[in-house]
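The values are calculated or read from the model by the stated rules, or taken from the named source; none is laboratory data. These numbers were taken from a predicted model, which means no experiment stands behind them. All Cβ positions, glycine included, derive from the backbone under ideal geometry; neighbour counts span all protein chains shown.
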Amino acid sequence: MLRKLKIVIDDIIRTVITNISGVTGRKIRYWYWSKKFKKCGKNVIIDEGVIIQNPQWISIGDNVWIDKYSVLMAGPVDFGGNSVVKKKKNNSFKWNEGELIIGNEVHIGMFNIIQAHAGVYIGDKVTTSAGVKIYSLSNYPFDENNPALITYANYLVKEGTVAYILSPIVIEEGVWIGLNSIVLGGCIGKNSFIASNSIVLKDIPENSYAAGNPAQRIKPRFKMGLNDEK
């Protein structure tokens, strides 16, 4: 009974502090969430409207800004018995399933969703523009081992099979992800730029300007040497 009461009180506190504006709100939210995160650095700004689930699975570095109305979700998922789960391997992801790691000097833009149930690593000096969605767990449209099986995307379905895909994501140092882009898997290489409204499904090489659905390298982002493409 006491544990349930603590949960209720904590839910009320979160609801109240989430929408306090200005410097006061930022200070209160930092004080509250820094004690909940697995790790939390200095000068972390958590703006108003930010929703955080399973903070014990989230590590945040120094000088990080999580902008207004973003959602951070972490922690492994306990799939039900009626689930089909496909796991994609990402050799660049070295952490535990369900972990969300955010490096130093990162800006998470407004109205972002970062869903790290399979694992997401975001390196130092990364910027995500407004409306970016990063999903390491999503639903799969069919069961590859049984194509005739009807599957669903709603875990509340009692009679039927729900299909999921787990795909850990790595976003390396210096990456900038443009407005409304979606990342569903792979490793985005160091110092790359993902153009607005792109969908990342697989690895993007280092120092790329990438765009499209699926996103592909179009040219180098920066001219690093004589052998770079023009």
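Computed quantities for the displayed model
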read-out: Single condition GLU172 does not satisfy, out of (1) out of contact with any Asp or Glu (no Cβ under 9 Å at 6 or more places or on another chain); (2) closer than 19 Å to GLY98 by Cα; value: (1)
read-out: Index of the failed condition, GLU105 passing every other in (1) touching a Gly at 6+ places or on another chain (Cβ under 6 Å); (2) surrounded by fewer than 22 Cβ atoms within 10 Å (Cβ to Cβ); (3) under 23 Å from LYS39 (Cα atoms); value: (1)
read-out: Matching residues in the stretch 14-53 - criterion: being of a type in the set (Val, Ile, Thr) and in contact (Cβ under 8 Å) with a residue 24 or more places away in the chain; value: THR18, ILE20, VAL50, ILE51
read-out: Those strands (runs of 3 or more DSSP E) lying entirely in the stretch 1-116 with at least 2 residues within 18 Å of the chain's Cα centre (by Cα); value: 51-53, 58-60, 71-73, 100-102, 113-115
read-out: Qualifying residue in the stretch 116-129 (condition: in contact with a helix residue (DSSP H, G or I) (Cβ under 7 Å, 6 or more places away or on another chain), surrounded by 18 or more Cβ atoms within 10 Å (Cβ to Cβ) and farther than 21 Å from GLU206 by Cα); value: no
read-out: Qualifying residues in the stretch 164-186 (those that are surrounded by 23 or more Cβ atoms within 10 Å (Cβ to Cβ) and part of a strand (DSSP E or B)) - the one modelled with the lowest pLDDT; value: LEU166
read-out: Selected residue [in contact (Cβ under 8 Å) with a residue 60 or more places away in the chain, out of contact with any helix residue (DSSP H, G or I) (no Cβ under 9 Å at 6 or more places or on another chain) and β-branched (Val, Ile, Thr)] from ILE165, ILE177; value: ILE165
read-out: Output for the stretch 54-94, where each listed residue is free of Cβ contacts under 8 Å to residues at least 60 places away in the same chain and aromatic (Phe, Trp, Tyr); value: TRP57, TRP65, TYR69
read-out: Neighbours by Cβ (under 9 Å, 6+ apart or cross-chain): first from the stretch 129-145, touching a residue at least 12 places away in the same chain (Cβ under 8 Å) and under 16 Å from ALA195 (Cβ atoms); second charged (D, E, K, R) and outside any strand (DSSP E or B); value: ALA130/ASP67
read-out: Any hit, the stretch 200-207, residues being assigned to a strand (DSSP E or B), farther than 25 Å from GLU105 by Cα and not small (Gly, Ala, Ser); value: no
read-out: Criterion: surrounded by 16 or more Cβ atoms within 10 Å (Cβ to Cβ) and within 26 Å of LEU166 (Cα to Cα) - qualifying residue of GLY98, GLY80; value: GLY98
